[in-house]
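Asks: Sharing a structure below in structure tokens format, with a few things to ask.
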Amino acid sequence: MLAARAAKAGGFSCDIPADWLQGRTAFGGLSAALALQAASELEPDLPPLRSAQIAFIGPLSGEVTVTAIKLRRGRNAAFIQADVASEAGLGLRATFVFMAALPSALVHDAAPRAPVAPPPPDAKTFIGPDTSFIGNFEFYDHKDGLGPAEWRRWARLRERGGIDAFAELLAIGDALPPAALKLIDTRVPLSSLNWQINFIDSAPTTDDGWWLLSATAETARQGYSSQRMTMWNAAGDPIADAMQAVAIFG
């Protein structure tokens, strides 16, 4: 996709392939990763990505234009905004915070380690149909010991060679269904509204492409759900914490 992109002022344009669609719009993780690509290319020598605030504003499909602008860059941190738009209008707006490590006497880490091990080499994994975004991933579910509105799933991209680690995490991190859907017996339309993700590790790595995803819906009422999300690498190290709001039409 990026190999065929066309350069634009402050970014680029590219086509969203049909196998990256989620219904009538591009998969949110892909759109977020495209926004990060434009943001990362805007400024030279950016420090590591620390945080992203993403608003899923409208549908994106076909040709999209991805642009980025610098909001501010100081001695330690850079704030960059990136937009993804299509013929239908603005579909995604993200604010990325890049920040260098600072000397500090403060060391505190109460984040829990991964509660389950990655899948063994002979594990039976799940791959979705190639006609949808889910076909780009390989999954391995853990169903024991979960709450009524909780997902826990190992995930990896089927094609991940040469991908920036943070772009990979954005693409994978949004791959779980909303946790509140486990409370409903029937399929209903839904839409992610936003996504706030903070990266704990400044240089995330994992083994064999596997990342553990967890999502727990804390509230769901009046068609609106708020959920907390966590990501770990294959060694069990916490990589990212996140929150997301989801509209559920049913």
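The values are calculated or read from the model by the stated rules, or taken from the named source; none is laboratory data. Keep in mind that what you see is a predicted model, and the values were worked out from it rather than measured. Every residue, glycine among them, receives a Cβ derived from its backbone with ideal geometry; neighbour counts consider all protein chains shown.
Asks: If we keep just the residues of the range 66-101 that are within 18 Å of Phe27 (Cα to Cα) and surrounded by fewer than 18 Cβ atoms within 10 Å (Cβ to Cβ), which is modelled with the lowest pLDDT?
Replies: Here the answer is Ala88.
Asks: Next question. Among the candidates Ala3, Ala94, which residue alone is more than 17 Å from Leu193 (Cα to Cα), outside any loop (DSSP other than H, G, I, E, B) and hydrophobic (A, V, I, L, M, F, W, C)?
Replies: None of the others qualify; the one that does is Ala3.
Asks: Next up: Given the criteria acidic (Asp, Glu) and without any contact (Cβ under 8 Å) to a residue 60 or more places away in the chain, does Asp130 qualify?
Replies: Criteria not met by Asp130.
Asks: Tally up the residues in the range 36-60 that are more than 20 Å from Val246 (Cα to Cα) and in contact (Cβ under 8 Å) with a residue 24 or more places away in the chain, please.
Replies: 13
Table: residues versus (1) surrounded by fewer than 21 Cβ atoms within 10 Å (Cβ to Cβ); (2) within 23 Å of Leu21 (Cα to Cα); (3) in the same structural domain as Leu36 (by TED's automatic domain parsing).
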{"position": "Arg158", "(1), (2), (3)": "yes, yes, no"}
{"position": "Ile163", "(1), (2), (3)": "yes, yes, no"}
{"position": "Ala180", "(1), (2), (3)": "no, yes, no"}
{"position": "Asp185", "(1), (2), (3)": "yes, no, no"}
{"position": "Ile200", "(1), (2), (3)": "yes, no, no"}
{"position": "Ser214", "(1), (2), (3)": "no, yes, no"}
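Asks: Within the range 225-244, how many residues turn out to be of a type in the set (A, V, I, L, M), surrounded by 17 or more Cβ atoms within 10 Å (Cβ to Cβ) and assigned to a strand (DSSP E or B)?
Replies: 5
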